[in-house]
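To keep things clear, I will list the structure first and then write my remarks on it.
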Amino acid sequence: MSAAVPVSSRLPVFPWDRLEPYKATAAAHPDGIVDLSVGTPVDPVPELIQQALVAAADSPGYPTVWGTETLRDALTGWVVRRLGAAEVTHRNVLPVVGSKELVAWLPTQLGLGAGDKVAYPRLAYPTYEVGARLCGAEPVVYDDPTELDPEGLKLLWLNSPSNPTGRVLPKDELTRIVAWAREHGVLLLSDECYLELGWEAEPVSVLHQDVCGGTYEG
Ligand SMILES: Cc1ncc(COP(=O)(O)O)c(C=O)c1O
């Protein structure tokens, strides 16, 4: 029996480590470096949040995976009110520990593996690639997703507004991509964690009725 190959050997070098040499070059400049990295939040935790956490601290027992009814009401309410989604039930929402965990593990949880492809924007949040590699699928990058070869493509990530470019996909562009994914039987996953942070454009969700036609197929 051959020795098991550790999963870590499939994973890419973390971007912050890849950036280290560039940082050193910039720091050597006479005027120094303009470091725009954000990383760990540094602002104080608002009093209101601290108090709410303390007030809820005495809660023995295991939490349920899909959260309390109140939380699920808040989630479905926001999706309808803010995103313009059609009917959304408690079965359509799931709180997660952090979206990073979901992004990284979802391809595995969906049963993807060798022979499958996972696509994401050429310049993207690095965890899409990590998720593809964790399950043994082939990572594929795109400029326009509808130009991808759908053969073997199981999962397509969108990210609007984008990290790191800030690009916002207009509603008709989203509609076109959703239609393409459905036509080719590709599961579309839309990471919209910056949806509330539109600046010059008004970001639209794939869950908006005009984009998905009021159904969540695919
Ligand atoms: C595009 C994108 N998706 C997901 C995440 C993960 O967010 P969190 O794990 O904090 O929910 C980030 C964080 O930087 C991100 O930029």
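The values are calculated or read from the model by the stated rules, or taken from the named source; none is laboratory data. Just so you know, these numbers come straight off a predicted model, no measurement behind them. Quick reminder, even Gly has a Cβ in these numbers, built from the backbone with ideal geometry, and neighbours come from all protein chains shown. Protein only, heavy atoms only, side chains kept; ligands, DNA and RNA dropped before computing areas. Shrake-Rupley method; radii C 1.70, N 1.55, O 1.52, S 1.80 Å.
Here are some conditions: (1) over 28 Å from W66 (Cβ atoms); (2) touching a residue at least 40 places away in the same chain (Cβ under 8 Å). A179 meets all but one. Which one does it not meet?
(2)
Suppose we filter V5, V42, V34, V13 for residues that are outside the structural domain of G136 (by TED's automatic domain parsing) and open to solvent by less than 100 Å² (accessible area, probe 1.4 Å); which single one remains?
Details: V5 fails: open to solvent by less than 100 Å² (accessible area, probe 1.4 Å); V42 fails: open to solvent by less than 100 Å² (accessible area, probe 1.4 Å); V34 fails: open to solvent by less than 100 Å² (accessible area, probe 1.4 Å).
Answer to the check: V13.
Determine which member of the set L83, L75 is open to solvent by less than 70 Å² (accessible area, probe 1.4 Å) and in contact with a Gly (Cβ under 9 Å, 6 or more places away or on another chain). Let's see the steps before the verdict.
On the way: L83 fails: in contact with a Gly (Cβ under 9 Å, 6 or more places away or on another chain).
Answer to the check: L75.
Is it the case that some residue within the range 137-144 is of a type in the set (V, I, T) and open to solvent by 30 Å² or more (accessible area, probe 1.4 Å)? Talk me through it step by step, then tell me what you get.
Applying the first criterion (of a type in the set (V, I, T)) to the range 137-144 yields 140-141.
Still in the list and also open to solvent by 30 Å² or more (accessible area, probe 1.4 Å): 140-141.
Scanning the range 137-144, I find at least one residue that is of a type in the set (V, I, T) and open to solvent by 30 Å² or more (accessible area, probe 1.4 Å), so the answer is yes.
Which pairs turn up if I take residues in the range 196-212 that are closer than 16 Å to V88 by Cβ and look for partners that are modelled with pLDDT under 95 with beta carbon separation below 6 Å, at least 6 apart in sequence or on another chain?
From residues that are closer than 16 Å to V88 by Cβ, the pairs are Q209/A86.
Select from the range 95-119 the residues that are open to solvent by 20 Å² or more (accessible area, probe 1.4 Å) and either among the hydroxyl-bearing types (S, T, Y) or away from the ligand (no atom under 15 Å from the Cβ) (or both) and list them in ascending order.
Once the filter is applied, which keeps residues that are open to solvent by 20 Å² or more (accessible area, probe 1.4 Å) and either among the hydroxyl-bearing types (S, T, Y) or away from the ligand (no atom under 15 Å from the Cβ) (or both), the range 95-119 yields S99, T108, Q109, L110, G111, L112, A114, G115, D116, K117.
Return yes when R167 is among the charged types (D, E, K, R) and away from the ligand (no atom under 16 Å from the Cβ) and no when it is not. Break it down into steps so the answer makes sense when it comes.
On the way: among the charged types (D, E, K, R): yes; away from the ligand (no atom under 16 Å from the Cβ): no.
Answer is no for this residue.
Take Y142 and decide whether it is in the same structural domain as T165 (by TED's automatic domain parsing), at negative phi, in contact with a strand residue (DSSP E or B) (Cβ under 7 Å, 6 or more places away or on another chain) and within 15 Å of the ligand (Cβ to nearest atom).
On the way: in the same structural domain as T165 (by TED's automatic domain parsing): yes; at negative phi: yes; in contact with a strand residue (DSSP E or B) (Cβ under 7 Å, 6 or more places away or on another chain): yes; within 15 Å of the ligand (Cβ to nearest atom): no.
No.
In this structure, is L169 surrounded by 13 or more Cβ atoms within 10 Å (Cβ to Cβ) and either under 27 Å from V88 (Cβ atoms) or in the same structural domain as K117 (by TED's automatic domain parsing) (or both)?
Working: surrounded by 13 or more Cβ atoms within 10 Å (Cβ to Cβ): yes; either under 27 Å from V88 (Cβ atoms) or in the same structural domain as K117 (by TED's automatic domain parsing) (or both): yes.
Here the answer is yes, as L169 does meet what is asked.
Checking the structure you have, find out if any residue of the range 182-200 is in the same structural domain as K117 (by TED's automatic domain parsing) and at positive phi. Steps first, answer last, please.
Keep residues of the range 182-200 that are in the same structural domain as K117 (by TED's automatic domain parsing), which gives 182-200.
Filter once more, keeping what is at positive phi: 185.
Looking through the range 182-200, at least one residue is in the same structural domain as K117 (by TED's automatic domain parsing) and at positive phi.
Go through (1) crowded, with 18+ Cβ neighbours inside 10 Å; (2) at pLDDT below 95; (3) not β-branched (V, I, T) one by one and return the number of the condition A132 breaks.
(2)
Just checking, how many residues over the range 16-31 are exposed (fewer than 10 other Cβ atoms within 10 Å of the Cβ) and of a type in the set (A, V, I, L, M)?
1
Every residue, every condition in (1) assigned to a strand (DSSP E or B); (2) under 16 Å from the mean Cα position of the chain (by Cα); (3) closer than 22 Å to A132 by Cβ; (4) outside the structural domain of T108 (by TED's automatic domain parsing), yes or no:
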{"residue": "S162", "(1), (2), (3), (4)": "no, yes, yes, no"}
{"residue": "E173", "(1), (2), (3), (4)": "no, no, no, no"}
{"residue": "W180", "(1), (2), (3), (4)": "no, no, yes, no"}
{"residue": "P203", "(1), (2), (3), (4)": "no, yes, no, no"}
{"residue": "L207", "(1), (2), (3), (4)": "no, yes, no, no"}
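Name every residue in the range 36-81 that is in contact (Cβ under 8 Å) with a residue 24 or more places away in the chain and not aliphatic (A, V, I, L, M), in order of residue number.
Step one: filter the range 36-81 for residues in contact (Cβ under 8 Å) with a residue 24 or more places away in the chain, giving 65-67, 71, 79.
Hits for the range 36-81 are W66, G67.
Is it the case, given these coordinates, that L123 is more than 15 Å from the ligand (Cβ to nearest atom) and either closer than 19 Å to L158 by Cα or among the small types (G, A, S) (or both)? Walk me through how you get there before you give the answer.
Values: more than 15 Å from the ligand (Cβ to nearest atom): no; either closer than 19 Å to L158 by Cα or among the small types (G, A, S) (or both): yes.
Criteria not met by L123.
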